[in-house]
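The next block holds one structure in the form of structure tokens; read it before the comments.
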Amino acid sequence: SVYGMLVGLFIYRSIKLKDIWDLLKDSVSQTAVVMLIVGAASLFAYVLTVTGIAADASSALINVSGGNKYIFLIIINVIFLIAGCFVDANSAMYIFIPIMYPVAQQLGINLVHFGVIATVNLAIGQVTPPVGVNLFVAIGVSEKLTNIKDKTRVTIETMSKAVWPMILACVIALLLVTYIPFFSTVFLKGV
């Protein structure tokens, strides 16, 4: 944020000092929306844990996967990819990690590896239509850009079409990270 503000003030000169107050108010309101979602997701995760639903869901995951860690990895990839399309990453982690963590631990999956898988999945979901949060952020930023030659109108339709090659590359990277733990645990050997 500070870097973006400095670039806008001193390099592009598209932000004036008088604009900073309005930018701060806009940032606070957008952050408040995200924090409300995270708060609701935290409360939901707490209720899942206290009522025992999380433990039941963990048992169901073990039963569905048959105790096979590779089937479990497929299941969590599907769940996280779908959840990432509709829910922001923090909320999805608050909801699903308490359910999946014990299963990953029981199946002998390195927990750093599991965390990287979850993070990569949710990052892909953030740019996947129809509700990929980062798509809307990119559109909002494109509308505020000034002094750019050949500025074309960026819409959710054009952005959704343009993002698919990147999503395909990310899914290939996700498969590598998921099924070759070396990529996410290579630096843990000395720790």
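A few notes on this one:
- Here the Karplus relation 6.51 cos²θ - 1.76 cosθ + 1.60, evaluated at θ = phi - 60°, turns the backbone of region 120-131 into coupling constants of 5, 4, 5, 5, 5, x, 6, 10, 9, x, x, 10 Hz, with x for every Gly and Pro.
- The slack between SER1 and LEU43, meaning 0.36 nm per residue of separation minus the straight C-alpha distance, is 12.3 nm.
- Å² per residue, accessible surface of the chain at 1.4 Å: 64 Å²
- Rounded to the nearest Hz, the phi-derived 3J(HN,Hα) couplings of region 19-35 under the Karplus curve 6.51 cos²θ - 1.76 cosθ + 1.60 (θ = phi - 60°) are 7, 4, 4, 5, 5, 5, 4, 5, 5, 4, 5, 5, 5, 4, 4, 5, 5, where x marks glycine and proline.
- Choice from VAL133, VAL64, VAL171 with maximal GNM fluctuation in the chain (Cα, 10 Å cutoff): VAL64
- Full extension of the chain between THR185 and LYS69 yields a length gain of 40.1 nm, computed as 0.36 nm times the residue separation minus the alpha carbon distance.
- Once both labels are positioned 7 Å from their Cα atoms along Cα-to-Cβ, the gap between ILE11 and VAL28 label points is 2.8 nm.
- When TRP21, TRP164 are compared by accessible area at a 1.4 angstrom probe, the order from most to least is TRP21, TRP164.
- In the chain, the sites counted are trypsin sites (Lys or Arg not before Pro) in DSSP loop states with at most 16 other Cβ atoms within 10 Å, and the longest stretch holding none of them, exclusive of the sites, is 17-148.
- Inter-probe distance in nm under a simple model that places probes 7 Å from Cα toward Cβ, at ALA60 and TRP164: 3.3 nm
- The phi torsions of region 99-107, fed into the Karplus equation with coefficients 6.51, -1.76 and 1.60 and a -60° offset, translate into couplings of 7, 8, 4, x, 5, 4, 5, 5, 7 Hz, rounded to whole numbers, with Gly and Pro shown as x.
- From the coordinates shown, volume of the Cα convex hull per residue in Å³ corresponds to which of (i) 139; (ii) 124; (iii) 160: (iii)
The values are calculated or read from the model by the stated rules, or taken from the named source; none is laboratory data. The structure presented is a predicted model; accordingly, all values stated were derived computationally and were not measured. Note: ideal-geometry Cβ built from the backbone for every residue, glycine included; neighbour counts use all protein chains shown. Side chains are part of the model used for accessible areas, which takes the heavy atoms of the whole protein and leaves out ligands, DNA and RNA. Shrake-Rupley method; radii C 1.70, N 1.55, O 1.52, S 1.80 Å.
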